[in-house]
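K.L.:
First the structure, then my questions, so here it is.
We did not get these values from a lab; they are worked out from the coordinates using the rules stated. Small disclaimer: the values here were computed from a predicted structure and weren't measured. Positions of Cβ are backbone-derived with ideal geometry, glycine not excepted, and every protein chain shown enters the neighbour counts.
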Amino acid sequence: MGDYATRLAPAGRSSGDRVKRRVVGLLTGALGAVFVIMLLIVIEWALEIADYVLALHLDQYGIISHEVRGLPGIFAAPFLHAGFAHLMANTVPLAILGFLAALRGVGRFAAASLIVIVVSGLGVWFFSPPGLTVGASGLVFGYFGYVVTRGLFDRHLLDIVLGVVVAALYYSLIEGVLPGQPGISWQGHLFGLIGGVLAAWTLRRRRRREIA
């Protein structure tokens, strides 16, 4: 009896420790997500305010389709906007979806963001008609695709539920990947979404095999 009771006690403590670690991990992830998204939003607004007040004409550094000189704009375009109305339209979904995308860690979020930026930017550069493209909407669609599919690739129940909720609330975003809206880069939206799904698959957590 004594030996049996002795074996039960560590198991109970171990289970409690796991729950505690998960709670602490979630809180830490949430705080990190809040910080990184606030920083991102501040950068977006600071650049737009500086562009307006100082007449810097920063939009010229966006993606210029089919031109080699427009390739560096792939990394600049998500932080530039065609006026405050454009920025305001992107700010709320960027904050919400970005926060949810960053919950699993800032490092993983940074890697996902880079994948989305590159895939979305290249899609715009290759497939958009000649012209200039700026805006964070590629990131918005990328984070949407990332959050919706992350749980499926990770096989994580909480992320699956979160993905279903996000898909239900933001399903109307899918309309943005269809051509036909004047002045809207559906290419950036479509390839941003593809980039988000690709990021979720690339960054999925691989389960270690247990050896009996």
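K.L.:
Calculate, in nm to one decimal, what Val118 and Tyr52 gain on full extension: separation in residues at 0.36 nm each, minus their alpha carbon distance. Numbers along the way, then the final one.
P.N.:
Values: separation 66, 0.36 × 66 = 23.76 nm, distance 2.69 nm.
Answer, rounded to one decimal: 21.1 nm.
K.L.:
Taking 0.36 nm per intervening residue step and subtracting the Cα-Cα distance, what contour gain separates Leu157 from Val106 on full extension? Spell out each step's value before the answer.
P.N.:
Values: separation 51, 0.36 × 51 = 18.36 nm, distance 2.06 nm.
In short, 16.3 nm is gained.
K.L.:
Hey, what angle do you get for helix 137-154 against the long axis of the chain, alpha-carbon based, 0 to 90 degrees rounded to 10?
P.N.:
20
K.L.:
Output ³J(HN,Hα) for region 171-179: one whole-Hz value per residue in order, computed from phi by the Karplus curve 6.51 cos²θ - 1.76 cosθ + 1.60 with θ = phi - 60°, and x for Gly and Pro.
P.N.:
Rounded to whole hertz, the list is 4, 5, 4, 4, 4, x, 8, 9, x.
K.L.:
Given the options Gly32, Gly195, Gly131, state which has the largest fluctuation in a GNM of the chain using a 10 Å cut-off (strictly under) for Cα springs.
P.N.:
Gly131
K.L.:
Sticking with this one: Excluding Ser137 itself, calculate the net charge of residues whose Cβ lies under 14 Å from the Cβ of Ser137, where each Lys or Arg counts +1 and each Asp or Glu counts -1.
P.N.:
On the way: positive: none; negative: Glu44, Glu175.
Net local charge, Ser137 excluded: -2.
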